[in-house]
Each structure stands twice: as C-alpha cells, then as structure tokens.
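Before any comments, here is the structure.
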Amino acid sequence: MDMYGILTADRDLARADFGDVTHVFADSVDGTRREPLAGVANSIACWGDTATVRDEPERAAVTADGTRATPDADGHHWGTVCPTDPDYRAALLERIERVGAMGDVRLTTPGFPGASFCHCERCDREFAASDHEERDAWRTAVITDFIAAAAECVEGDLLATLYPDPYPGNLRERAGVDPGSLAPFVDEFVVPLCDVGYGTTYWVESLARGFAHELEDLELDLTIQLSADGVDADRLVGLTQQLEAHADTIVYGTYPDDAETVRDVIRRVREADTPALTV
Ligand SMILES: [Zn+2]
C-alpha cells in the first residue's frame with residue numbers, strides 16, 4: 001500500500017487533512033524562514049540560501065575559475081553557501097535541532113551546488129589537510145559528516161532530498177552526495193520529479209525506476225515528489241499509477257489553487273489501491 005500526501009508552503013493546507021503525509025516548507029532556498037509546524041515533516045534548505053549569498057557574496061560556494069553559486073550564475077536558480085563555512089554549518093545544525101524537536105525533518109539542497117564547487121581557500125586548505133587523495137571523496141565526506149550530525153539533532157525521521165539523477169556515481173560527482181554513505185543516518189530519500197503540465201511522462205517513470213533500482217539494497221523508503229500546478233487530475237492519477245511500483249510515498253507540490261485537484265487525485269489513487277470487496 002502506497003502513501004500519499006502534499007508538499008506546501010501554505011499554512012492552512014498544511015493543517016488540512018490531505019493524505020498520509022505532509023511536507024511543509026520551513027526554510028526555503030530563497031532564505032525565507034517560517035515557524036515549523038507540529039505533526040508534519042518540516043523542510044529545511046541546507047546551503048541553498050539566496051538571501052545570505054546576496055548579503056554576503058563571499059560566503060557563496062565558488063569554482064576554481066571564480067564563479068560564485070548565485071542565482072545569476074548559469075544553471076543556478078538560487079544562491080548556495082559553501083558547505084564548509086563553519087559558522088553557517090553550526091547555525092544550520094542549531095536550526096535543524098530546533099525544528100527537529102517537533103518531529104520529522106526533510107533536508108533540501110544537501111550537497112555542493114555542482115561538480116566544480118567548491119574551490120574557496122578554506123575548501124582547498126581543508127582538502128589538502130585531509131586524508132583524501134581524490135577531491136570527490138573529500139566532498140562526499142564533508143556532506144556525509146554533516147548529515148550524520150543532522151541525524152543526531154532530529155527526534156523524528158530524517159528525510160534527505162536527492163537531485164533527480166539516479167545514474168550510478170552521478171550524485172557523488174555533482175554534489176558530494178552518496179546515497180549508500182548517507183543511508184545509516186537517513187530514514188527516507190525524497191526525489192522531486194517536477195514539470196509544468198507533464199506533457200510527457202516517460203522520463204518521470206524512467207527516473208523513478210532508476211532510483212528504485214539504485215536504492216533497492218538500502219533499507220530506506222523512497223518518496224517521489226510531483227508538481228500539481230496546472231496539471232489535470234486524470235494526468236496526475238495516471239502518472240501516480242505509473243510510479244507506484246517504484247515509490248513508497250508520492251507527495252504533490254500543492255498551492256491553494258490546486259488543492260481540490262490534489263484531493264481528488266489522492267481519493268482516486270487510494271480507491272484504485274483498495275481491492276474491490278466481493279460479497
Ligand atoms: Zn568552500
């Protein structure tokens with residue numbers, strides 16, 4: 001039996017009864033901070049923080065050729081602080097502890113913001129002083145250590161969001177994220193597979209299948225996040241049914257305008273899950 005739920009920034013939707021699980025944005029990548037809610041998985045952006053990077057550009061992760069991880073940089077949609085910034089790391093863990101005292105925590109944007117990050121002086125120095133000969137191994141250790149520390153701070157389950165690339169080794173190369181290394185500290189991985197309208201859906205099924213395959217030896221649940229914005233209910237029901245073999249939970253990114261559609265979708269997929277009773 002699969003589980004269904006929503007991801008939302010809307011407080012009223014978060015308190016409404018939609019399904020089995022609710023993910024709520026507490027800290028977003030734009031730097032917005034909201035009061036966490038009880039009884040939900042509060043989502044915290046790790047180093048994605050446009051507001052901090054705008055105010056203190058020198059804290060952004062940087063490539064060897066000096067490109068900073070800001071929203072203006074090619075391929076970046078938000079600013080990203082360097083994951084070895086010690087003050088930021090300490091404040092982030094404090095925040096995770098405060099939010100984690102209320103229950104489950106979902107971490108978003110855990111990791112370096114791309115394969116060529118970070119080459120700030122501190123990262124170069126820490127890598128040189130480390131036991132690692134390969135930079136990717138060092139980056140992976142930095143992220144794994146952080147997730148291990150975060151897990152200590154959370155009373156409920158710890159969920160980690162993965163960039164939607166299941167190709168073996170790619171997450172490690174991109175972000176310093178190795179699902180196998182994180183598995184001892186994490187209860188669940190969340191993979192966003194979002195699109196405007198889902199004009200085609202084969203890629204959603206392919207990526208979900210890829211993750212299910214990559215993660216199958218780990219004792220972890222897999223949640224797939226879909227967007228509901230402007231998608232009709234029939235399409236979302238069909239897409240959900242394509243994914244059910246690969247995921248334990250489906251959450252729908254939900255704005256107030258999509259609420260009725262999502263309610264309808266969850267009702268229909270649940271009905272389809274329940275075998276008809278024969279008298
Ligand atoms: Zn750095």
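Give the percent of DSSP beta bridges with both residues in the stretch 1-159 that are antiparallel, rounded to the nearest 5. The partial results should precede the final answer.
Numbers: 5 of 19 bridges.
Percentage antiparallel, nearest 5: 25.
Sorted by mean Cβ packing within 10 Å, highest first, what order do the peptides 20-26, 87-93, 240-246 take? Numbers along the way, then the final one.
Working: 20-26: 21.7, 87-93: 15.6, 240-246: 17.3.
Ranking the peptides 20-26, 87-93, 240-246 by packing returns 20-26, 240-246, 87-93.
Could you work out the helix-only [θ] at 222 nm for the chain, with each DSSP H run of four or more residues adding -39,500 (n - 2.57) and the total divided by the number of residues, to the nearest 500 deg cm²/dmol?
Numbers: 10 runs with 103 residues, N = 279.
Per the formula, -11000 deg cm²/dmol.
Treating the beta-carbon of each Lys and Arg as +1 and of each Asp and Glu as -1, no other charges, what is the dipole magnitude of the stretch 3-273 about its Cα centre, to the nearest 20 debye? Display every interim value, and only then the final one.
Working: 23 positive and 53 negative charges, 82 e Å.
Dipole size: approximately 400 debye.
For the stretch 1-31 and the stretch 238-279, compute the distance between their C-alpha centroids and round to whole Å.
One Cα centre to the other: 15 Å.
Which of the GluC sites (Glu not before Pro) found in the stretch 73-138 are in a DSSP loop and have at most 11 neighbouring Cβ atoms, other than their own, within 10 Å? Don't skip to the answer; put the middle values down first.
On the way: sites: Glu94, Glu97, Glu121, Glu126, Glu133, Glu134; in loops: Glu133, Glu134.
The qualifying sites are Glu133, Glu134.
Which one of Ala64, Pro113, Ala9 has its Cα pushed farthest toward the positive end of the charge dipole of the stretch 1-120, where Lys and Arg give +1 and Asp and Glu give -1 at the Cβ?
So the residue furthest toward the plus end is Ala9.
Would you be so kind as to identify which of Gly169, Thr201, Gly238 lies farthest towards the positive end of the dipole of the stretch 136-275, taking Lys and Arg as +1 and Asp and Glu as -1 on Cβ and the Cα centre as origin?
Value computed over the given set: Thr201.
Can you tell me the equivalent ellipsoid semi-axes for the stretch 187-279? Use √(5λ) from the Cα gyration tensor, largest first, whole Å. Write out the running numbers ahead of the final one.
On the way: eigenvalues 90, 68, 30 Å².
Each semi-axis is the square root of five times an eigenvalue, giving 21, 19, 12 Å.
Which order do the peptides 45-53, 157-165 take when ranked by the mean count of other beta-carbon atoms within 10 Å per residue, highest first?
Descending mean neighbour count gives 45-53, 157-165.
None of the figures in this text is laboratory data; all of them are computed from the coordinates on show. Bear in mind the structure is a predicted one, so any value in this text is a computation, not a measurement. Virtual Cβ from ideal backbone geometry, glycine too; neighbours counted across all protein chains shown.
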